[in-house]
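**Q** The structure follows.
The values are calculated or read from the model by the stated rules, or taken from the named source; none is laboratory data. Please read these numbers as outputs of a predicted model, since none were measured by experiment. As a convention, Cβ positions derive from the backbone with ideal geometry for all residues, glycine included, and neighbour counts pool all protein chains shown.
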Amino acid sequence: MNLNRIKSIYKLYKTIIMETKRQLQLGELIKRNFSLVLQQEGRYIYGDVLVSVTKAIISPDQSQVKIYVSVYGAPNKEDVLMKIEENLHPLKQHLAHRIKNQIRRIPELFVFIDDTLDEMYRIDDLLNRIK
């Protein structure tokens, strides 16, 4: 492979996979502030359940953001997610009020359950069974 081919492949990889510095900054900003919004307003939406924002991934055009949340202390995580999605507009308004000076346009929010910890516990349990 010649050097130009490697550079073009890397450039394509960078535009498809890797996030830019601005995307990372905005993702962290939205993650921090949406977490605070859920702390303040969440009790009225889904009750005494701990919801933690694990990551926020913003699209390259900064028009959409995927927010991943972990839910603790709820028998059914999907119910909590549905309640959050039902109240997404007021949550977005609270988020916009918090970050309006740092971002020009508030992206559309999409919320997903992050089951990384559940998978970790499941794998740990499987490994303990093997021993």
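**Q** Looking at region 76-84, can you tell me whether even one residue there is over 17 Å from D115 (Cα atoms), in a helix (DSSP H, G or I) and touching a residue at least 24 places away in the same chain (Cβ under 8 Å)? Working first, answer last.
**A** Here is the first cut: in region 76-84, the residues over 17 Å from D115 (Cα atoms) are 83.
This time we only want the ones that are in a helix (DSSP H, G or I), so: 83.
Filter once more, keeping what is touching a residue at least 24 places away in the same chain (Cβ under 8 Å): 83.
For region 76-84, residues over 17 Å from D115 (Cα atoms), in a helix (DSSP H, G or I) and touching a residue at least 24 places away in the same chain (Cβ under 8 Å): present.
**Q** Another question, if that's okay. Please go through (1) surrounded by 14 or more Cβ atoms within 10 Å (Cβ to Cβ); (2) assigned to a helix (DSSP H, G or I); (3) free of Cβ contacts under 8 Å to residues at least 24 places away in the same chain for V37 and return the number of the only condition it doesn't satisfy.
**A** (3)
**Q** Also, quick follow-up: Would you be able to tell me the number of residues in region 80-111 that are touching a helix residue (DSSP H, G or I) at 6+ places or on another chain (Cβ under 8 Å) and either of a type in the set (K, R) or surrounded by 13 or more Cβ atoms within 10 Å (Cβ to Cβ) (or both)?
**A** 15
**Q** Okay, moving on. Only one of these conditions is not met by D61: (1) part of a loop (DSSP other than H, G, I, E, B); (2) touching a residue at least 40 places away in the same chain (Cβ under 8 Å); (3) not small (G, A, S). Which number is it?
**A** (2)
**Q** For region 99-131: of the residues being farther than 19 Å from Y72 by Cα and part of a helix (DSSP H, G or I), which is modelled with the highest pLDDT? Walk me through it before giving the result.
**A** First, the residues of region 99-131 that are farther than 19 Å from Y72 by Cα: 99-110, 126-131.
Still in the list and also part of a helix (DSSP H, G or I): 99, 126-130.
Details: I99: 94, L126: 85, L127: 85, N128: 88, R129: 88, I130: 86.
Selected residue: I99.
**Q** So is A96 in a helix (DSSP H, G or I), among the aliphatic types (A, V, I, L, M) and free of Cβ contacts under 8 Å to residues at least 40 places away in the same chain or not? Don't jump to the end; show me each part of the working.
**A** Numbers: in a helix (DSSP H, G or I): yes; among the aliphatic types (A, V, I, L, M): yes; free of Cβ contacts under 8 Å to residues at least 40 places away in the same chain: yes.
Against the criterion (in a helix (DSSP H, G or I), among the aliphatic types (A, V, I, L, M) and free of Cβ contacts under 8 Å to residues at least 40 places away in the same chain), A96 qualifies.
**Q** If I ask for residues that are farther than 12 Å from F110 by Cα, buried (at least 16 other Cβ atoms within 10 Å of the Cβ) and touching a strand residue (DSSP E or B) at 6+ places or on another chain (Cβ under 8 Å), which ones from region 56-75 would you list?
**A** At the first step, the residues of region 56-75 found to be farther than 12 Å from F110 by Cα are 60-62, 70-75.
Then drop every residue that is not buried (at least 16 other Cβ atoms within 10 Å of the Cβ), which leaves 62, 70-71, 74.
Scanning region 56-75 gives S70, V71.
**Q** Which of the residues that make up region 6-37 are of a type in the set (K, R) and modelled with pLDDT of 70 or more? Spell out the reasoning first.
**A** Of the residues in region 6-37, the ones of a type in the set (K, R) are 7, 11, 14, 21-22, 31-32.
Selection gives K21, R22, K31, R32.
**Q** So which of I99, I57 ends up being within 14 Å of the chain's Cα centre (by Cα) and under 26 Å from R22 (Cα atoms)? Steps first, answer last, please.
**A** Working: I99 fails: within 14 Å of the chain's Cα centre (by Cα).
On inspection, the qualifying residue turns out to be I57.
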